[in-house]
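S.K.: Before anything else, here's the structure in question.
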Amino acid sequence: MTPIDLRSDTVTRPDAAMRRAMAEAEVGDDVFGDDPTVIRLQERAAELVGKPAALFVPSGCMANLIGVMAQAPAGSEILVGARSHINSAESAAYARLAQVNKCALPEDDRGRLDPAQVRASIHLGAEISGGNSHHATTTLLALENTHNYCGGTALSVADLRAPIAAARERAPWIKVHLDGARIFNAAAVLNVPAREIAALADSVSFCLSKSLGAPAGSLICGSHDLVARGVGLRKMLGGGMRQAGILAAAGLEALKTPNLERLADDHANARRLAEGLAELPGIVADPAGVQTNILFIEYRGRKGDTAWLGRALTERGVWCLALGERLRMVTHRDVTRAQIDAALKLAAGILKD
């Protein structure tokens, strides 16, 4: 049978409308800034998240890195969640390339930072009046929404506002970067515009190639000054693309309103999957905690461990991703409700006595 690929929402393939848009895209040279389709994509992205400007870059990792490098000087410190993507899955880029120190703070199960701990973790270096020469000055707070490793949880505006307010109470100069790789999933489940979530941050990144289904690309959004600095950083990092309008055309399709609205279908499929798995012997799942399109499960039955279950599912055509001692499953537009039901049937067959 055709594999049911639940490893990530990055595995989607461009649909017919995207392929047609890519084939017909009007292009220029984006390094010279004259690719008209890229320009339209950047304008649409900025509009959706309520920022003055946006920059099209190859990947979410680069978008986050540019957001940090444009706002946190080398030798300064940034605050991040310990389980955030920036801290745990971006190849030490912040040490090697941004040259910033990361202070990793624990999140709760929903990915929220404790405001009191944020305030207490801010350091004032020698260049700040009353500062301490033993410390690097904290210059940026990085947040994530939705929070990948906490199960795709959507942080409310209040959840985001609290640590930001605490940080700025201690350090009024501090900048805020929001890793919004799946910000439109958060907006859908919170029933607020993405711009309301992004309004709290100085910069926000989001991916076109995850739940939105485009083949590649991300946006870093913020002020005109930030984006101008981002252009130079993108070049330095090797991210300048030429006739990038071919990819941007797919991104414009991904950002059309019907595609944003259909994210709710992925969320419903993820809840259905979690509910069905939770009924099977030995599987530990929390259907009530599934807000968007990501769920994590464990296996504590008599047949084996979680890794065994992951292998057994994959061998039978239900592909999932082992992350530590958990299995991650992600729904997306290439997975139908019928495939969710088929995956549950296969899992039940594996675990039956």
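The values are calculated or read from the model by the stated rules, or taken from the named source; none is laboratory data. All figures in this text were calculated on a predicted structure; none of them were measured in a lab. Glycine also receives a Cβ, built like all others from the backbone with ideal geometry; neighbour counts cover every protein chain displayed.
S.K.: Can you list the strands (runs of 3 or more DSSP E) found entirely within segment 281-353 that contain at least 2 residues being buried (at least 21 other Cβ atoms within 10 Å of the Cβ)?
M.R.: Per the criteria, 294-299, 326-330.
S.K.: Assess whether Asp9 counts as being farther than 30 Å from Leu113 by Cα and out of contact with any helix residue (DSSP H, G or I) (no Cβ under 7 Å at 6 or more places or on another chain).
M.R.: It is false that Asp9 is farther than 30 Å from Leu113 by Cα and out of contact with any helix residue (DSSP H, G or I) (no Cβ under 7 Å at 6 or more places or on another chain).
S.K.: Also: Go through segment 289-346 and count every residue that is of a type in the set (Lys, Arg) and closer than 27 Å to Leu212 by Cβ.
M.R.: So the count comes out to 4.
S.K.: Any idea which of Ser203, Ser209, Ser223 is surrounded by 24 or more Cβ atoms within 10 Å (Cβ to Cβ) and in contact with a Lys or Arg (Cβ under 9 Å, 6 or more places away or on another chain)?
M.R.: After ruling out the rest, the residue left standing is Ser203.
S.K.: Does segment 279-321 hold any residues that are small (Gly, Ala, Ser) and either assigned by TED's automatic domain parsing to the domain that holds Ile183 or more than 18 Å from Cys150 (Cα to Cα) (or both), and which are they?
M.R.: If the condition is that a residue be small (Gly, Ala, Ser) and either assigned by TED's automatic domain parsing to the domain that holds Ile183 or more than 18 Å from Cys150 (Cα to Cα) (or both), then Gly282, Gly301, Gly304, Ala307, Gly310, Ala312, Gly317 are the ones that fit.
S.K.: Can you tell me which residue among Ala166, Ala120, Ala116 is surrounded by 14 or more Cβ atoms within 10 Å (Cβ to Cβ), modelled with pLDDT of 95 or more and assigned by TED's automatic domain parsing to the domain that holds Lys51?
M.R.: Ala166
S.K.: In the set Ala254, Ala244, which member is modelled with pLDDT of 95 or more, touching an Asp or Glu at 6+ places or on another chain (Cβ under 6 Å) and under 22 Å from Arg20 (Cα atoms)?
M.R.: Ala244
S.K.: Let me ask something else about it. Identify all residues within segment 79-106 that are part of a helix (DSSP H, G or I) and either crowded, with 18+ Cβ neighbours inside 10 Å or in contact with a Gly (Cβ under 7 Å, 6 or more places away or on another chain) (or both); write none if there are none.
M.R.: Within segment 79-106, His85, Ile86, Asn87, Tyr94 qualify.
S.K.: Okay, moving on. Residue under question is Ala74, and the condition is that it be over 16 Å from the mean Cα position of the chain (by Cα) and either assigned by TED's automatic domain parsing to the domain that holds Gly230 or modelled with pLDDT of 95 or more (or both); does it hold?
M.R.: Against the criterion (over 16 Å from the mean Cα position of the chain (by Cα) and either assigned by TED's automatic domain parsing to the domain that holds Gly230 or modelled with pLDDT of 95 or more (or both)), Ala74 qualifies.
S.K.: Which count do you get for residues in segment 201-237 that are part of a strand (DSSP E or B) and within 18 Å of Asp266 (Cβ to Cβ)?
M.R.: 2
S.K.: So, in segment 257-280, of the ones that are under 19 Å from the mean Cα position of the chain (by Cα) and charged (D, E, K, R), which residue ends up surrounded by the fewest Cβ atoms within 10 Å (Cβ to Cβ)?
M.R.: Per the criteria, the residue is Glu261.
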